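Each remark here refers to the structure printed beneath this line.
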Amino acid sequence: MTRPRTTDDARVETGRLSIRLVHEPIDVAEAAAFLADPRAGGLDLFIGTTRRWTGDAETLELSYECYAPMAVKEMRRLAEEAMARWPLVRACIRHRLGTVPPAEASVLIGVAAPHRAEAFEACRFLIDRLKRQAPIWKREAYADGRLEWVQGERPPDLPGLDTGS
Amino acid sequence: MNDETTNGALRVRVLVFSILREKMGCDALTVALDAPATGADLLDRLERDHPALRAFRPVVRLAVNQTYAPETTALAEGDEVALITPVSGG
């Protein structure tokens, strides 16, 4: 199976940026603590969770597969793009791999900025871009026994053709 | 270009994930191509050996050495080429 090959494949840690792929529940308090910074006037956290019902279909759990070294590189690239577009003090991304039951978090985006407007905008940008670009795939396990890989609506953008949304 | 790659073969490592991994029945393979070769040449070859790829060809994007790259990209000996179907993380 395609799991992160080494610890180094699964994370980036710089002073202002923290990106990790994790196989255990996402530690929200740890992410919020990383974002704490006296230069910030607002922290924005987005947490994506496993939804039990999609229409009439009941999801028992999601499983995430990942091209780990590239996912980390791509998430870093997006975070650096966000830091260039907005005056972010800090940013963090967590993505869980393997099985994620209903109501548990699969992804966390956190940003700290001097003012809330840029924090909201940068956070939205990062989750929207991650869902298009990061080479991570989810498989739905439905209550009726079906196992179904979810395919994104559009292929990822190639470098130089970024739409920015 | 490098003389060593204008004649003979070059080998690339191909990585496959999620639905495509299941349809093709493997998660990694080594492919030898006549040099010079592009990403499109690699996909053509893979499609011959793995007909299941055909249905995904319009939406597959290539990552060469962990960066998205157009199919016109020239491949080099030892490149790692991932076949990326539309992603669904988050």
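The values are calculated or read from the model by the stated rules, or taken from the named source; none is laboratory data. Because the structure is a prediction, the values reported are computed rather than measured. Glycine also receives a Cβ, built like all others from the backbone with ideal geometry; neighbour counts cover every protein chain displayed. Please note that ligands, DNA and RNA were not included when accessible areas were found on the heavy atoms of the full protein model with its side chains. Shrake-Rupley method; radii C 1.70, N 1.55, O 1.52, S 1.80 Å.
Rank A:D56, A:D128, A:D27 by mean-square fluctuation in a GNM of chain A with C-alpha springs under 10 angstrom and give only the top-ranked residue.
A:D56
Of the listed peptides B:24-32, A:130-138, A:45-53, A:101-109, what is their order by residue-averaged count of other C-beta atoms within 10 Å, with the highest listed first? Mind showing how you got there, number by number?
Details: B:24-32: 13.3, A:130-138: 23.9, A:45-53: 15.6, A:101-109: 18.4.
Highest-to-lowest ranking by the protection proxy: A:130-138, A:101-109, A:45-53, B:24-32.
Rounded to whole Hz and in sequence order, give me ³J(HN,Hα) for the range B:10-22 from the Karplus expression 6.51 cos²θ - 1.76 cosθ + 1.60, θ = phi - 60°, writing x for Gly and Pro.
10, 10, 10, 9, 10, 10, 10, 10, 6, 4, 5, 4, 5
For peptide B:55-65, how many partner chain Cβ atoms fall within 10 Å of a residue's Cβ, on average?
The per-residue average across the peptide is 2.
Using the Karplus equation 6.51 cos²θ - 1.76 cosθ + 1.60 (θ = phi - 60°), what ³J(HN,Hα) coupling, rounded to whole Hz, does each residue of the range A:47-64 give in order, writing x for Gly and Pro?
Running phi through 6.51 cos²θ - 1.76 cosθ + 1.60 with θ = phi - 60° gives 10, x, 10, 6, 8, 6, 10, 10, x, 8, 8, 9, 9, 7, 6, 10, 10, 10 Hz.
Can you pull the Rg over Rh of the range B:3-84, Cα-only, Kirkwood?
0.94
Where q = 0.12, 0.13 Å⁻¹, what log10 of I(q)/I(0) comes from the Debye formula for the protein assembly as shown, counting one point per Cα?
Debye output, listed in q order: -0.74, -0.85.
Report the calculated FRET efficiency for B:V59 and A:L45 (r = Cβ-Cβ distance, R0 = 45 Å), to the nearest 0.05.
0.90
In whole percent, how big is the carbon plus sulfur part of the accessible area of the protein assembly as shown, probe 1.4 Å, protein atoms only?
50 percent
At 1.4 Å probe size, with every protein chain present, just tell me what the per residue accessible area of the range A:10-145 comes to in Å².
Dividing the accessible area of the range A:10-145 by its residue count gives 42 Å².
Select from the range B:75-90 all residues whose loss of accessible area on going from the chain by itself to the full protein assembly reaches 30 Å² or more (probe 1.4 Å).
Flagged in the range B:75-90: B:I84, B:P86, B:V87, B:S88, B:G89, B:G90.
How large is ³J(HN,Hα), in whole Hz, for each residue of the range A:138-150 in order, when computed from phi with the Karplus curve 6.51 cos²θ - 1.76 cosθ + 1.60 and θ = phi - 60°, using x for Gly and Pro?
Each residue of the range A:138-150 in turn: 10, 10, 7, 10, 8, 5, 7, x, 5, 10, 9, 6, 8 Hz.
For the range A:115-146, list whatever residues lose no less than 40 Å² of accessible surface once every protein chain is in place, relative to that chain by itself, with the probe at 1.4 Å.
Listed in order, they are A:K131, A:W137.
Compute the accessible area per residue over chain B, keeping the other protein chains in place, probe 1.4 Å, unit Å².
Working: 4140 Å² over 90 residues.
Ligands and nucleic acids excluded, the figure is 46 Å² per residue.
Rounded to the nearest 100 Å², what is the buried accessible area between B and A, both sides summed, probe 1.4 Å?
Values: alone 5490 and 9240 Å², together 12090 Å².
For B against A, buried area totals roughly 2600 Å².
Residue farthest toward the positive end of the dipole of the range A:10-145, with Cβ of Lys/Arg at +1 and Asp/Glu at -1: which of A:I109, A:F120, A:L17?
The residue sitting farthest along the positive end of the dipole is A:L17.
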